[in-house]
Amino acid sequence: MKFIALLLALLFTPPAQAQRPPADVAGGRDHPLVGRYEGAVLRHHRPRDFDEFRMVNARVLPADTRATGSRINERNSMPVSGRAWRLRYDGPEGRSALEVMRNHQERLAANGFETVFACRAQECGTPAELWFAVTESVPGPSSGLHSGWENQLYTLTKLARPQGDVYVALLVITFGQRAQVLVDVVEPRPMETGRIVFVDASAMQRAVAQTGRIALYGITFGFDSAEILPASRPTLDEIAKFLRANAALNVVVAGHTDSQGAFDYNVQLSTRRAQAVVAALSRDFAIPAARLTAFGAGMATPVATNDNDAGRAQNRRVEIVKR
């Protein structure tokens, strides 16, 4: 009987579910000029329409750090500004950092990039100093790159173009049985100015009366989040004034994104942002929640092209729509 019971258990026990391969970070995608090593997984993706920092272009030494008070300084780096990306990949198991780096260098050279500075291990100066200089050079959240500076390789390349040079920095290290790749890309261009837009309650009144909706650009959020930034307060105040003056009016608060990232992810992000606006109006301005309906349209209803920064900026908005 024990043998039969054991046999039945083996026959009817479902097989262990196959382990799913790791997936890219939500909303992430490769930079078209850089690409990725075959089998690598994108773990971190942070694009910025405009940022300013320094890219390492020489050996990083403790003496320079002591002299300037910072690991990254005018002795070992160059200032860059413009549209920027930081990406981090986990390479496939068993592939060395050297193999991954040389494949990236080959791809960049094929795309017309020239090497500005390249080094390996001790050639980079003090290994830990270089690692910290590169990983901490970009302001904002950490990329999650593990320290493995004993086997690190670094390359800074430049693509000369009439419309502005493109810089790509690669830091590749060994962590366990995998290579990790940190990629910084900058397309130098001037910062857009005149982007502060303010719409008061009377303008909302006119627009909703004429078209049934108003697009607002004065509500801003933290990068890749639904956190409403403090600069949004004046616009929220004007929305509340408009709604108090029209006590019988119910509205849809619609969030919209540009086309960067995955479709489903943008729908979720725009929904969370719309919900955050509804919550703020209800909590901070005493607007009844029953009058407000949150809706996330994602990238589905652009008002401009998504092929350039100016168009994408117009598509990132919050709309108040008459119900």
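The values are calculated or read from the model by the stated rules, or taken from the named source; none is laboratory data. As the structure is a prediction and not an experimental result, all values here were calculated from the model. So basically every Cβ, Gly included, is an ideal-geometry build from the backbone, and we count neighbours across all protein chains shown. Note: areas computed on protein heavy atoms with side chains; ligands, DNA, RNA excluded. Shrake-Rupley method; radii C 1.70, N 1.55, O 1.52, S 1.80 Å.
General remarks:
- Carbon-plus-sulfur accessible fraction, segment 246-317 (probe radius 1.4 Å, protein heavy atoms only): 56%.
- Here segment 230-250 is scanned for amide nitrogen atoms under 14 Å from the site 7 Å beyond the Cα of ALA286 along Cα-to-Cβ, giving 240-241, 244-245.
- Label point distance in nm, GLU93-ALA110, each placed 7 Å from Cα along Cα→Cβ: 2.8
- Between ALA63 and ARG120, the contour length at 0.36 nm per residue exceeds the alpha carbon distance by 18.6 nm.
- Across segment 172-269, the convex hull enclosing all Cα atoms gives 177 Å³ per residue.
- Backbone phi angles across segment 288-300, fed through the Karplus curve with coefficients 6.51, -1.76 and 1.60 (θ = phi - 60°), yield HN-Hα couplings of x, 4, 5, 8, 10, 10, 7, 8, x, 8, x, 9, 6 Hz in residue order; Gly and Pro are listed as x.
- In plain terms, if you count all Cα to Cα distances in the chain and split them into 20 Å steps from zero, the share in each step is 27, 43, 25, 5, 0 percent.
- Over the residues of the chain, the helix contribution to mean residue ellipticity at 222 nm works out to -9000 deg cm²/dmol, using -39500 (n - 2.57) for each DSSP H run of at least 4.
- C-alpha center-to-center spacing [segment 237-256, segment 274-323] in angstrom: 12
- Relative contact order %, the chain, counting alpha carbon pairs below 8 Å whose residues are six or more apart: 15
- Where GluC sites (Glu not before Pro) in DSSP loops with at most 16 other Cβ within 10 Å are excluded, longest remaining stretch of the chain: 228-323
- Annotation: per residue accessible area for the chain equals 52 Å², rounded to a whole number [probe 1.4 Å, protein chains only].
- The Stokes-Einstein estimate for segment 53-186, based on a Kirkwood radius over Cα pairs and taken at 37 °C with 0.692 mPa s viscosity, is a diffusion coefficient of 220 µm²/s.
- Debye-formula intensities of segment 215-323, expressed as log10 I(q)/I(0) at q = 0.12, 0.15, 0.20 Å⁻¹, are -0.38, -0.58, -1.00 (one equal scatterer per alpha-carbon, no solvent).
- A crude spin-label estimate for the pair ASP24 and ALA201, with each label 7 Å from Cα along the Cβ direction, gives 4.6 nm.
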